[in-house]
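These notes concern the structure reproduced below.
Just so you know, all these numbers are worked out from the coordinates, no wet-lab data involved. As the structure is a prediction and not an experimental result, all values here were calculated from the model. Reconstructed Cβ throughout: ideal geometry from the backbone, glycine too, with neighbour counts over all protein chains shown.
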Amino acid sequence: MNKAKLLSVTKTSVTKVWQRGQKMFYTEKKSVAEGTMGSRWKERESAQESAYFNREDEQAVQRLAAKLRQQIEPSEEILAQQRRGVAEILQKHGVQPNQSLIEDLVRFFH
């Protein structure tokens with residue numbers, strides 16, 4: 001008569017006692033996390049974690065790029081100063097500046 005009694009259960013192993021007549025047999029099994037299924041679960045978990053952090057990093061880079069674009073774009077005050085400066089330089093060299101030419105030159109530098 002084969003009877004199995006559960007002797008102990010821990011996170012790492014399960015020990016069973018098999019009794020056949022007067023003899024007792026002990027078997028120890030690895031947990032699912034230590035077997036082949038466990039390694040696949042760990043790989044899956046690692047892949048999901050990597051994908052999550054890749055998404056987080058991508059979003060952070062997009063936010064930083066948006067902030068950088070805002071900082072790089074000149075304000076209206078700076079653009080007005082540059083327009084005046086370009087007009088003065090053109091007049092200094094005998095060129096009659098018009099608004100279109102000044103805008104093109106200011107835009108060229110940005």
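When a/c is below 1.5 the answer is rounded, else prolate if a/b is larger than b/c, else oblate, so apply that to the stretch 32-73 with a ≥ b ≥ c taken from the square roots of the Cα gyration tensor eigenvalues. Prolate, because a/c is 1.5 or more and a/b exceeds b/c. Classification of the stretch 71-110 by its C-alpha gyration tensor yields a prolate form. The axis ratio a/c (a ≥ b ≥ c) is 1.5 or more, and a/b outweighs b/c.
Taking Lys and Arg as +1 and Asp and Glu as -1, the other residues whose beta-carbon sits under 13 Å from that of E56 total -1.
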